[in-house]
Structure formats: C-alpha cells, structure tokens
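The values are calculated or read from the model by the stated rules, or taken from the named source; none is laboratory data. The shown structure was predicted, so the numbers you read here are calculated from the model rather than taken from an experiment. Cβ atoms come from the backbone with ideal geometry, glycine included; neighbour counts cover every protein chain shown. We work out accessible area using only protein heavy atoms, side chains counted, and drop any ligands, DNA or RNA first. Shrake-Rupley method; radii C 1.70, N 1.55, O 1.52, S 1.80 Å.
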Amino acid sequence: MRILVTGGVGYIGSHTVLQLLRADHEILVFDNYSNSSPEAMRRIKHLSQREPEMIIGDIQDSVALSNAFRYFRPDAVIHFAGLKSVGESSIVPLRYYAENIGGTVEILRAMDDVQCRRIVFSSSATVYGVARYLPFDEGHPRNPESPYGRTKYFVEELIKDWTVAGLDRSAVLLRYFNPVGADASAILGEDPNGPPNNLMPYITQVAVGRLACLSIFGDNYETRDGTGERDYIHVEDLASAHLAALEFGACHVGCEAINIGTGHGVTVLEMIEAFEAASGRKIRFKIVGRRDGDVARSFASVEKAYKKLGWKARYGIYEMCRSAWNWQLRNPDGYRQL
Ligand code: NAD
Ligand code: UD1
C-alpha cells in the first residue's frame, strides 16, 4: 500500500513508520520537524534498511500538501501531525485549533484532490473527559476538558462528516490511552523537549540522573493505593494497531472510533515498582498536590479493537518499563547525541 504519514518522525509516528516499512509498504512522511529530529528519520532508515520518501512541510500549507499528494498519490493516510500538550493548549488555544483542526481540513482537501479515500487518525482517550463509568467504551459520552481534547473531538466529527459526504470513504479514529515505551532496538524512543509532562519519561529521566526526584500528583484518589490509575500501552503495540486499522479501512467504508489500550489500569506507585524491577534503579519520589485536570482512573474497553481489527496489546507493564529504560540508558540526551 502507498501510505502518506503526517507527523511520521514523532514519537508514535516513527515507531509506526518503522513497522510499515518492515511490512513492505511504500511510505511518504510529511513532517515539519517542529517536535521531532532528523536524527529519528536517519534511525528509521537504518533500522528498516529502506529509504522512505520525506517532505518537510506544514499540514497548514495547502500548496505543499497538495503537491505532496499529487506527487505520491497515496492509497491511504495516517495522520499523526499536530500539537499535543494539554497545558499549552489552554495558553494558546487558537494555535491548537488552527493546527489540529485547520490542518486536518487541508489534509482531507488534499486527499479529495487525488481521490484518496482512507484515513487513520490519532485521537485520544482525552475526548472522554471524566468517567461516568469504567472501562471507557467507544459509546461513552465525550466531554473533553481542555482545548487540546476539544480539537480531537472536533476533528473526529469533521472526519466523520467527510466520510458521510462521499462514497467509498473510510476513516478509523484510534483513541490512544497512554502510550509509553520504546522500540526493542533502543534506537527509537520518546524524546520530549524540556522537562517531561508525562509520567514515564519523567521516571526514566530520574532513573538516569537527569532529574532529581519524581513528584507524584496526589495520593488521595479513590484507587487501590490513592495514586492515579491509567491504561498504559506499549508504543510497539500502538504502532501495530495502525497496520491493523489500515487493513480494516481497505475493506470497510464509514467511520469507526476504536480505543487502543490494554484494558488494565496501573497506578503511579505500581508503575514505579515495575520500573524499579525492570531497571534495577531506585526512583526517588515525593507526594505533592493533585495536578489540575487529572482524573482518578482511566482505562479502556478493548473489545471493539479485537472485534473490528483483530488487534490486542501483546506487551505488559514490565516490557513497557524495560524498553523505556533501555532507550533512556542508551540515549540519555535523546536524539541529541550518538
Ligand atoms: P509528537 O509530537 O512526538 O509527533 C508529532 C509529529 O508531528 C512531530 O514529528 C512534529 O514535528 C509533527 N508536526 C507537528 N505539527 C505539525 C505540522 N503542523 N505540520 C507537519 N508536521 C507537524 O507526538 P506523538 O506523541 O507522536 O503524537 C502523535 C499524535 O498522537 C498526535 O496527534 C497526538 O495528539 C496524538 N496522541 C498522542 C498521545 C501521546 O501520549 N503521545 C496520546 C493520545 C494521542
Ligand atoms: C496526559 C494528558 C492526556 C494525554 C496523555 C498522553 C493531561 C491532563 N492529560 O494524560 O490528554 O492524552 O497525557 O499520554 O495532561 N503523574 C505524576 N507525576 C508526574 C507526571 C504524571 O504523578 O510527574 C501522574 C498523573 O497524575 C497521572 C499519571 O501519572 O495519574 C499519568 O500521567 P501522564 O503521563 O501525564 O498522563 P495523563 O495525565 O493520563
């Protein structure tokens, strides 16, 4: 299949592109490197022993996009590109709306221009907001609590409208839970800019001595041990879900939203324990107040993913910690060295 991948050099995109290349698909990556490094692209080529095509461009640039689509004529698109920080989205909401929503409109236009009718989109469990019941199934009401979450909600709606408006159009909206971990090679991984906001990269940077101590945001939630519970998903499993979604899209029309998680919640203290077992390092931590916007518990119903895509997660929390640790150990400064 010929697949145009927006944001294909980023954390999730890079792992997915690697699997696509290994499965012999023809790939064009469209990325502006705003949150990724050419070094990641170099490593994808090294690991896959292939030369995917790459265009450096912004998804808001309709001319650059249209040229890329006319040149490559993809069968399908995987759309990762966009801004993803919950906190930042409250400070610069218009940037988030323009890039995430406006950028997606441009992609759908460019697809129409070359009669490309299939898309897989990176949505997020954040569209659900506070749980009315658990696990979150795909029918759970959506009530996102941040501008970032609302961009995901609106893009889900606009892609759905696009599928309804034309024949033979297919879209899979993958609602990721909490992606963590790294490629088994320890050559690709997560490389956040500045101090990490998310738990796993924070833990790995404490383990490697880049940060002094983890702050646990609250220990008085209604969970097994009082700390927040999440459904962490290994990035290699998440990448393979995209391949399954592409195959599904090749023989189905319409729009499907599908959760991608393991179906199991893990608390912050359980994650620390698993990481210590996987790395042999002690993680220093202190308990601080709750972080605004955090919920107590979030985990996925994964039945639909299995029923529709025949996909389920293979890796557990130990493998997630082990691969994240191997990546951090081998690349203490991320892509900025080696
Ligand atoms: P990332 O920031 O690592 O990757 C995004 C990639 O898109 C980067 O390579 C960046 O340079 C590129 N990009 C950003 N804006 C662009 C633009 N305007 N034009 C072209 N390229 C652009 O993020 P990620 O963690 O790999 O996430 C990928 C997608 O998955 C995002 O849409 C994100 O919202 C979604 N998502 C991520 C998570 C998570 O925890 N990482 C969870 C749920 C959903
Ligand atoms: C966050 C985003 C969510 C996004 C997800 C991607 C918020 C409010 N939500 O989710 O939209 O889809 O990342 O992975 O930002 N924790 C600590 N100390 C830390 C960091 C985190 O105790 O330094 C705790 C949190 O309180 C939470 C758990 O660890 O209980 C996971 O946090 P995080 O990795 O930031 O993910 P989410 O908050 O689930």
Find the strands (runs of 3 or more DSSP E) located wholly in the range 1-86 whose residues include 3 or more that are closer than 22 Å to residue 193 by Cβ and open to solvent by less than 30 Å² (accessible area, probe 1.4 Å), and list them. 26-31
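Would you confirm, using the coordinates I've provided, whether residue 187 is under 30 Å from residue 43 (Cα atoms) and outside any loop (DSSP other than H, G, I, E, B)?
Criteria not met by residue 187.
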Kindly establish whether residue 278 is more than 16 Å from ligand 1 (Cβ to nearest atom), open to solvent by less than 30 Å² (accessible area, probe 1.4 Å) and more than 19 Å from residue 221 (Cα to Cα). yes
What are the residue pairs meeting all of these: first residue in the range 208-223, first residue farther than 13 Å from residue 291 by Cα, second residue polar (S, T, N, Q), Cβ atoms under 7 Å, and 6 or more apart or on different chains? 208/328; 211/205; 223/267
The range 21-40 residues that are within 22 Å of residue 111 (Cβ to Cβ), paired with ones that are open to solvent by 30 Å² or more (accessible area, probe 1.4 Å) and within 14 Å of ligand 1 (Cβ to nearest atom) (beta carbon under 6 Å, 6 or more apart): 29/54; 30/55; 32/58
Could you look through the range 283-316, keep only residues that are open to solvent by less than 90 Å² (accessible area, probe 1.4 Å) and among the hydroxyl-bearing types (Ser, Thr, Tyr), and pick out the one that is farthest from residue 176 (Cα to Cα)? 315
On the given criteria, is residue 101 out of contact with any Gly (no Cβ under 8 Å at 6 or more places or on another chain) and either assigned to a helix (DSSP H, G or I) or away from ligand 1 (no atom under 15 Å from the Cβ) (or both)? yes
On the basis of being modelled with pLDDT of 95 or more, in contact with a strand residue (DSSP E or B) (Cβ under 8 Å, 6 or more places away or on another chain), open to solvent by less than 60 Å² (accessible area, probe 1.4 Å) and away from ligand 1 (no atom under 11 Å from the Cβ), does residue 121 make the cut? no
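Taking the condition touching a residue at least 24 places away in the same chain (Cβ under 8 Å), assigned to a strand (DSSP E or B) and among the polar types (S, T, N, Q), does residue 89 pass? Spell out the reasoning first.
On the way: touching a residue at least 24 places away in the same chain (Cβ under 8 Å): yes; assigned to a strand (DSSP E or B): no; among the polar types (S, T, N, Q): yes.
So residue 89 does not fit the description; no.
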Count of the range 193-213 residues which are touching a strand residue (DSSP E or B) at 6+ places or on another chain (Cβ under 7 Å) and farther than 19 Å from residue 179 by Cβ: 2
Checking residue 73 against (1) over 21 Å from the mean Cα position of the chain (by Cα); (2) within 13 Å of ligand 1 (Cβ to nearest atom), which single condition isn't satisfied? (2)
Quick one: how many residues across the range 279-325 are in contact (Cβ under 8 Å) with a residue 12 or more places away in the chain, over 20 Å from the mean Cα position of the chain (by Cα) and over 28 Å from residue 137 (Cβ atoms)? 9
Can you tell me which residue within the range 209-264, out of those that are under 25 Å from residue 186 (Cα atoms) and in a strand (DSSP E or B), is most open to solvent (accessible area, probe 1.4 Å)? 230
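Only one residue in 215, 240, 170, 146 is closer than 30 Å to residue 333 by Cβ, of a type in the set (Ser, Thr, Tyr) and more than 11 Å from ligand 2 (Cβ to nearest atom), so which one is that?
240
Please go through the range 191-208 and give me each residue that is assigned to a loop (DSSP other than H, G, I, E, B) and more than 10 Å from ligand 2 (Cβ to nearest atom), ordered by number.
Kept after step one, since they are assigned to a loop (DSSP other than H, G, I, E, B), are these residues of the range 191-208: 191-198, 208.
Result: 191, 192, 193, 194, 208.
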Test result for residue 172, in contact with a His (Cβ under 6 Å, 6 or more places away or on another chain) and surrounded by 16 or more Cβ atoms within 10 Å (Cβ to Cβ): no
